[in-house]
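Have a look at the structure below before the remarks.
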Amino acid sequence: MIVRLWHGRTNISKADEYAEFMKERAAPDYGSIDGLQKLYFLRRIDGDVAHFLLVTLWDSMESVKKFAGEYPEKAKYYPEDDAFLLEKEETSALYEVFFEK
């Protein structure tokens, strides 16, 4: 199993709207890919900034590539992200699950 982590930041004033966007736009996109095992959207407020962490669990690296393309560590963005994100991080972190209980 592969875990893919993506991080983004918005102004606190846009946090709720971005959360809805992620549920309505990103979740169906991720869910359309065979091999997605689990999806978590996480949010943490830090002063006037909202941090978002997207955690996805995939059955294989090939499944991640179906979603992200030939370079699975490259972050994937939607055109609407420009209205929300303070910056666009270039990469997502990939981890191989070597133990699960």
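Data overview
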| item | result |
| --- | --- |
| Rule-of-thumb Rg ratio for the chain [Cα; 2.2 N^0.38 Å; N residues] | 1.07 |
| Under-18-angstrom lysine pairs by C-alpha in region 2-96, whenever the two are 8 or more apart or on separate chains | 13 |
| Computed over region 1-57, Kirkwood Rh from alpha-carbon pairs, angstrom | 11.9 Å |
| Loop-located GluC sites (Glu not before Pro) in the chain whose Cβ has at most 13 other Cβ within 10 Å (DSSP) | Glu70, Glu73, Glu87, Glu89, Glu90, Glu100 |
| Gain on full stretching of the segment that runs from Ser13 to Asp82 - 0.36 nm per residue minus C-alpha separation | 23.3 nm |
| Loop-exposed chymotrypsin sites (Phe, Trp or Tyr not before Pro) per DSSP, neighbour cap 16 Cβ within 10 angstrom, longest uninterrupted part of the chain | 1-76 |
| Gained length - Lys65 relative to Ile45, 0.36 nm times residue gap less alpha-carbon distance | 4.1 nm |
| Charge context of Phe84, other residues only, Cβ under 12 angstrom, K/R +1, D/E -1 | -3 |
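Taken together, the values in this text are just the output of simple stated rules run on the coordinates, not laboratory data. Please read these numbers as outputs of a predicted model, since none were measured by experiment. Neighbour counts run over all protein chains shown; Cβ positions are idealised from the backbone, glycine included.
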